[in-house]
């Protein structure tokens, strides 16, 4: 057995202090297999050691929450015995190194998290962030990531219905690929990971184990450097065909009573799945690695325990159910192997993980100290300095209002994402009621008139300028996007992408964003039910913009009532809900038209988020949608009122005549300001809507009428919808048709 | 009218096809696993879309050698109605039941969007609910829908009137904008677009419905 040197410890990403704790727990020097297991279990990715202290402060409960954070995914009750199970997870580092496989396996991993719990995935979303368009790698990364997501999701037959895509130089060396899956299960047939029943068999199903992805979790927990390309072998390779079979086989077995516990093998593979099952159940496991189905010859215990080969699951079955279960997996042409047995905990109540390989005992680890006593850090942090609010008058006017609008609708960040979502099958399963391109996707609960609305949002530049407000805004924007379809927002999943937490200012961003998210969740009755933390998103010491991506899910009781963002016909009244103050600090206008990057103090504070106002305005809008009085609804976010109006016009191919109601504000501040808590609606019954708004104390302004092929403001400003649409639709195909894309 | 849907490993539009057929026929539609070998009780057999065998080797190539294929050929030979959509179309060409092949899309990208089709003929069990020359809107969702044949075959199928549907705006590079073809006898139809995806107004259209309604009536 090789001696563990300080170099070996360092290579495993463990600090000296952490290694001392290892020695204390073991009461002896670990062997290399044991050290490897400690290393992945205590990696940031698996242990949340820097973030745990703060994540605990997030609200996670509501009467409709069946299962909050801690399991594979969060679960909410959507009535009639149905449950929605969802989570978002990052696959950032692998996607930068190998975009196709990195993104594909990210999608595969998050779907496994959801179907492990007994749900059939019904929708995928993805939030993508790339470096600036001019960066030499950007096209290649966009190309690979989009194809990888499509390649996996399309084969699985799960529609990819929504998401976001943003370009910013802070992601030049560290892109973000956040994938979200929403699944449906019966509330009385949900599966958890806690192992139980001493002597019960531990069963391995799915793909064979190879040497791919060894130490992927450790890689995801360090910064990138110039030589990260050399880490390519730690990126896993996905096989969506096998995953589709695994999905069907698992769901078939879940219709029987054979399963005690089930856990997918994700990051840190067999190690984390077996430890999580054993520690949740308070038992030990004796595992014989000779029985692990292997793809390569002469694999060591170390390699098998740390492999991140995809499309694998670990289950504990009830005794005597092995043959029936085996028959199901054989029908689906998948491996099925009994590789272990549950064992009694020792006298101290500690279960042990005892591994055998080629007739020898190769590891004996106490489970609880490894799983629960992982280090927890209270990293030093400093609050982000507050910025001044920019006055609307202080930001220069454009030479032409409509010219600026066209630039924003046709720029890297304002243009249509059709090039992306047309590469995703967004209709398979036959329940996609609102396709990509709107505020939120709407997917019907199969065989019913209920539907789930889902969206993902965050405005990283806001979070950078003010983490608390930015955290609030990310949650509030998902809530608004769901509301704009008529859905009742129920819960969120959060995917926290940040830089190096060992830098106090980065830790300060994290702490602030968590505070803002928690504020919004509480105020909106909209708890966090699952999530994922991705730290060390840095290359050569430069961090990304703090990016806490929020995935929101809401319920629509009667899907026939939902509305989209396209103007609901000609001759409809256009009403803006919510007050306009012309807030241009951190606005898209400031970035795209004035050419700022948002980093400097003089780029101002992001728009304030008044959560009580969000709730009041949103509840009013939802009520109107459900009562059938409005024909279209769009939330106002990036680019303000004018961009929102343009999007409504382009979607419907209908123009509008808008009064100049800017009053005391400069027109560009009125048009492009990003004040929160606002929506634009169309209706054929404006008097009634305005009257009800007044009664509810909701600010509502009639601003114009739909019709013609032009979008016109006042008497002077006009542009044809076709011209806007051409700019909007052409940026991304033009950008990607460049030969460097391949 | 008794219909069934064949299920291969990683078929994934099987349920969508079942829903569309059940909606029009009002009867239960069976799902038949690819290891079965008897289809004698069925009037209509549907081979659905998806990624049978992960599209490994060539789309549809492995499924075309599945145990069920013998029964599918027998069904077609005795004049039974056979519908292949998307991957189902690829499988039927691989099995030699329909002419031509489906190559990778000309732009090498997966494409999912509604496209406009022209109905080339309406004197078949599949298309009698449409008018000849009618424009219908049906979604495509494929990576390999670029229809190709040699010149001789092309001349033959055009001459025989075997072209079922043509794209108005060709999304994948298909020869003569061919979106779907019949066999010579007209009882087997393969097409890349997914009529089963637009049979419900809530999902944005019903242009696929006349095909299933016609099948339900015609083979009653």
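None of the figures in this text is laboratory data; all of them are computed from the coordinates on show. Bear in mind that the values here come from a model prediction, so they are computed numbers and not experimental data. Backbone-built Cβ (ideal geometry, glycine too); neighbour counts: all protein chains shown.
Does region B:3-218 classify as rounded, prolate or oblate by the C-alpha gyration tensor (a ≥ b ≥ c root eigenvalues; a/c under 1.5 gives rounded; else a/b over b/c gives prolate, otherwise oblate)?
rounded
Compute the distance from the alpha-carbon center of region A:86-128 to that of region B:167-181, in whole Å.
Answer, in whole Å: 34.
Apply the a/c threshold of 1.5 to the C-alpha gyration tensor of region A:1-104 and tell me whether it is rounded, prolate or oblate.
Values: a/c = 2.89, a/b = 1.84, b/c = 1.57.
Prolate shape, in that a/c is at least 1.5 and a/b is the bigger ratio.
Please give the contour-minus-distance gain from residue A:137 to residue A:660: 0.36 nm per residue of separation, less the Cα-Cα distance, rounded to one decimal in nm.
On the way: separation 523, 0.36 × 523 = 188.28 nm, distance 4.35 nm.
Fully extending the segment from residue A:137 to residue A:660 adds 183.9 nm.
Quick one: work out the % antiparallel among DSSP beta bridges in chain A, nearest 5.
Values: 95 of 118 bridges.
So the antiparallel bridges in chain A amount to around 80 percent.
From the square roots a ≥ b ≥ c of the eigenvalues of the alpha-carbon gyration tensor of the protein assembly as shown, which class results: rounded (a/c under 1.5), prolate (a/b over b/c), or oblate? Each step should come with its number before you reach the end.
Working: a/c = 1.75, a/b = 1.04, b/c = 1.69.
Because a/c hits 1.5 or more and a/b fails to exceed b/c, the protein assembly as shown counts as oblate.
As a check on your grasp of the helix formula, calculate [θ] at 222 nm for chain A: sum -39500 (n - 2.57) over DSSP H runs of n ≥ 4, divide by the residue count, round to the nearest 500.
Computed mean residue ellipticity for chain A: -10000 deg cm²/dmol.
Using Cα pairs under 8 angstrom and six or more residues apart, how large is the relative contact order of chain A, in percent?
Contact order relative to length: 15 percent.
Enter the Cα centre distance for the pair region A:234-305 and region A:524-548, rounded to the nearest angstrom.
27 Å
Calculate the length of the line joining the C-alpha centroid of region A:403-459 to that of region A:1-55, in whole Å.
Answer, in whole Å: 43.
How much of the DSSP beta bridge set in region B:3-218 is antiparallel, as a percent to the nearest 5?
Details: 22 of 37 bridges.
That works out to approximately 60 percent antiparallel.
Along the Cα-to-Cβ line of residue A:684, 7 Å from the Cα, sits a label point; which residues in region A:582-626 have backbone N less than 18 Å from it?
Hits in region A:582-626 for residue A:684 at 18 Å: A:624-626.
Relative to the first principal axis of the alpha-carbon coordinates of chain A, what is the inclination of helix A:611-626, with its axis defined by its Cα atoms, in degrees from 0 to 90 and to the nearest 10?
That works out to roughly 80 degrees.
Could you work out the relative contact order of region B:89-148, using alpha carbon pairs under 8 angstrom and six or more residues apart, expressed as a whole percent? Each step should come with its number before you reach the end.
Working: 88 pairs, mean separation 25.4, N = 60.
After rounding, I find 42 percent.
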